[in-house]
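Visitor: Have a look at this one before I ask anything.
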Amino acid sequence: MIAGCIITYRDWPLIKDCVESLKDKVDKIIVVDGRYKDFNSDFDYSDEETIKYLLSIKNLRLIFGDITDEVTKRNRYLSQLSDGDIVLNLDSDEVLIGELPELKSDFGILDLVDGYGRHVQKRATRFFRYRKGMEYKYCHYTLYWQDKIINKLQKVINPDFSFENILGCRILHNWHLRTDERKYQKEQYYKTLIQKESGFDK
C-alpha cells in the first residue's frame, strides 16, 4: 500500500497540481489541512474551492488538523498508516515527476528539484516504509523510531534502516508559482520555523 501524504494550508491551485501528480500513482492520499501555528493569517483552514476539490478525489482522505506545528501535522498522517505501508511525502507546492519504482529498502532517497531547475538536493524522508512507532520529532523532516533518530535532511544515518537512491522520478518544488503575497507569508513563516528547529539537525 502506497500512501501519498500531504500537509496543506490555503495553497490553491498548487495543491491541485500536487494531488493530480499523485492520484494515479499511489493507492491512497492523506491530506492534513489547517493553519500552521506561526503562520500569520485570519483563516484556520483552506478555502472552499480547495476543500471541494479535495473531497472530490476518490482515493483521498481529508483530515482537518489542529492549529499546530508542522511536526504534529505530519504525525497526524503517520497515525493513519499501517505497519509496512509505503509513504510518499510531498508538500502542497510540489509535484511528483516520473513513475515510482518498487521500494526495495526501508528508505528511498529522492531528488528534490527547484522550479527553476537550478538546484537539486537529496531528501531522505520523502519515500519510506512505515514502521509502527515512527514519528517526527523536533524537526519537520526528522523521523525517530524507538527514540532513536533515523535521518538527517539528506541521508539516513540509523544503521537499523536500509536505503537506496531512487532513479526515474523526482520531486519538483514549484514555490516560484505562488503569488508575491504568498511568497512573503511563507518566507516569514519559515524564518520562525527554522529558528525554532535550529540545533536539532546537528
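All of the numbers you see were taken from the coordinates with simple rules; none came from a lab. The shown structure was predicted, so the numbers you read here are calculated from the model rather than taken from an experiment. Cβ placement follows ideal geometry from the backbone for every residue including glycine, while neighbour counts extend to all protein chains displayed.
Visitor: If the cut-off is a Cα-Cα distance under 16 Å, which lysines reach Lys183, setting aside same-chain residues fewer than 8 apart in sequence?
Guide: Candidates past the 8-residue exclusion: Lys191.
Visitor: Please find the FRET efficiency linking Lys52 to Glu164, where r is the Cβ-Cβ separation and R0 is fixed at 35 Å, and quote it to the nearest 0.05. Present the calculation step by step, with values, prior to reporting the outcome.
Guide: Numbers: r = 39 Å, r/R0 = 1.11.
Once rounded, the FRET efficiency stands at 0.35.
Visitor: Starting from the Cα of Lys137, draw a straight line to each of the lysines and keep only those under 18 Å, dropping any in the same chain fewer than 8 residues away.
Guide: Lys37, Lys73, Lys148, Lys152, Lys155, Lys196, Lys202
Visitor: Points 7 angstrom from Cα along the Cβ direction at Ile97 and Lys132: gap in nanometres?
Guide: Going from the Ile97 label point to the Lys132 one covers 4.0 nm.
Visitor: Mind checking which of Ile97, Leu177, Thr125 is farthest towards the positive end of region 2-197's charge dipole, using Cβ charges of +1 (Lys, Arg) and -1 (Asp, Glu) about the Cα centre?
Guide: Selected residue: Thr125.
Visitor: Next question, about the same structure. Check which residues have an amide H placed less than 5 Å from Ser46's amide H, if you skip close sequence neighbours.
Guide: Arg10, Gly34
Visitor: Also: Sequence-distant or interchain residues sharing an amide H contact under 5 Å with Asp85, placed H: which?
Guide: Long-range HN contacts for Asp85: Tyr130.
Visitor: Hey, what's the Cα Rg ratio for region 2-197 versus the globular rule of thumb, 2.2 N^0.38 Å?
Guide: On the way: Rg = 15.8 Å, N = 196, 2.2 N^0.38 = 16.3 Å.
Compactness ratio reported: 0.97.
Visitor: Now, a different point. Compare the peptides 84-95, 133-144 by average per-residue count of other Cβ atoms within 10 angstrom and give them in order, highest first. Show your work: numbers first, answer last.
Guide: Details: 84-95: 20.7, 133-144: 17.8.
Descending packing order for the listed peptides: 84-95, 133-144.
Visitor: Quick check: residue separation of Ile149 and Gln195 times 0.36 nm, minus the Cα distance between them. What number comes out in nm? Write down the numbers at each step before the final one.
Guide: Numbers: separation 46, 0.36 × 46 = 16.56 nm, distance 2.02 nm.
Gain in length upon complete extension: 14.5 nm.
Visitor: Let me ask something else about it. With n ≥ 4 as the cut-off for DSSP H runs, can you work out [θ] at 222 nm for the chain, using -39500 (n - 2.57) per run divided by the number of residues, rounded to the nearest 500? Could you put the intermediate results ahead of the total?
Guide: Details: 4 runs with 44 residues, N = 202.
Mean residue ellipticity, 222 nm, calculated: -6500 deg cm²/dmol.
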